[in-house]
Amino acid sequence: IFYVLRLYHSLWAYAGVTEMQNIMAACVISAALQALTLMFSNHSVPRSYYFIYALCLIAFTMLSRFAYRFARDNKHRRHNAKNGTAVMVIGAGDAGNVIIKEINNSYYSTMSIKCIIDDDPDKWGRYVQGIKVIGGRESIIENASLYGIDEIIIAIPSAPKRVIKDIITICQETNCKLRTLPGMYQLVNGEVDISKLRDVDVEDLLGRDPIKVDLESILTYVKGKTVLVTG
């Protein structure tokens, strides 16, 4: 049963919800088949045995397969908590969740996420990947000092430019390094990860989408002319 459900083929260092579902399905099927075998072979066991057996099988199978990952992740997080870059993530949505998950799971990351900022009051006090959402943008400066933040990641690629500009203006008062995510299309395509983070640039400060101009036609128009630019 374990072989058919690919429990011997998974990379357990990267195991997630799918592997947990496969373990539970395999254990339940195994327990059901054993129960049928015992009943048809007239072996008498207490009825509670089937339930206890299924629970123990699930628990010990998960423990044996996830123990290494738990130990590795905890060691990595403890090391980064002491020696890594203290990070504040702004945005408790899909993009923020992806970034937090990759930072926490990547053995090569030297970041330690201390807190999350989001303007949605319904998310305050809740947790994303074990990290607490501590408040809205008005608390950025206070919490950057409280948590000793070194770097702020703005993980809201779908937000309007005006909102990004307002948040960057607040973040600049903290003297932390600022990084942001690319556009929403990369989130949809599944291309958002820590390798896509970039430093905040001038376009993020415009408060609007950048204007695209046809440089080729403009260059043709002014070629060979002396130009005076006003304003």
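Students sometimes get this wrong: rank 85, 230 by accessible area, probe 1.4 Å, all chains present, largest first.
230, 85
Please work out how much length the chain gains when fully extended from residue 33 to residue 71, using 0.36 nm per residue of separation minus the C-alpha to C-alpha distance, in nm with one decimal.
Extra length available between residue 33 and residue 71 comes to 10.4 nm.
Gain in length, residue 79 to residue 147, computed as 0.36 nm per residue apart minus the alpha-carbon separation, to one decimal in nm?
22.8 nm
Hey, can you find the accessible area per residue of the range 51-99 for me, probe 1.4 Å, expressed in square angstrom?
56 Å²
Of 38, 96, 24, which is farthest towards the positive pole of the range 15-157's charge dipole, taken about the Cα centre with +1 and -1 on the beta-carbons of Lys, Arg and Asp, Glu respectively?
Of the options given, the answer is 38.
The values are calculated or read from the model by the stated rules, or taken from the named source; none is laboratory data. Remember, it's a predicted structure, so these values are computed and weren't measured experimentally. Glycine gets a Cβ as well: all are built from the backbone with ideal geometry, and neighbour counts include every protein chain shown. The area values use the complete protein model at the heavy-atom level, side chains included, leaving out ligands, DNA and RNA. Shrake-Rupley method; radii C 1.70, N 1.55, O 1.52, S 1.80 Å.
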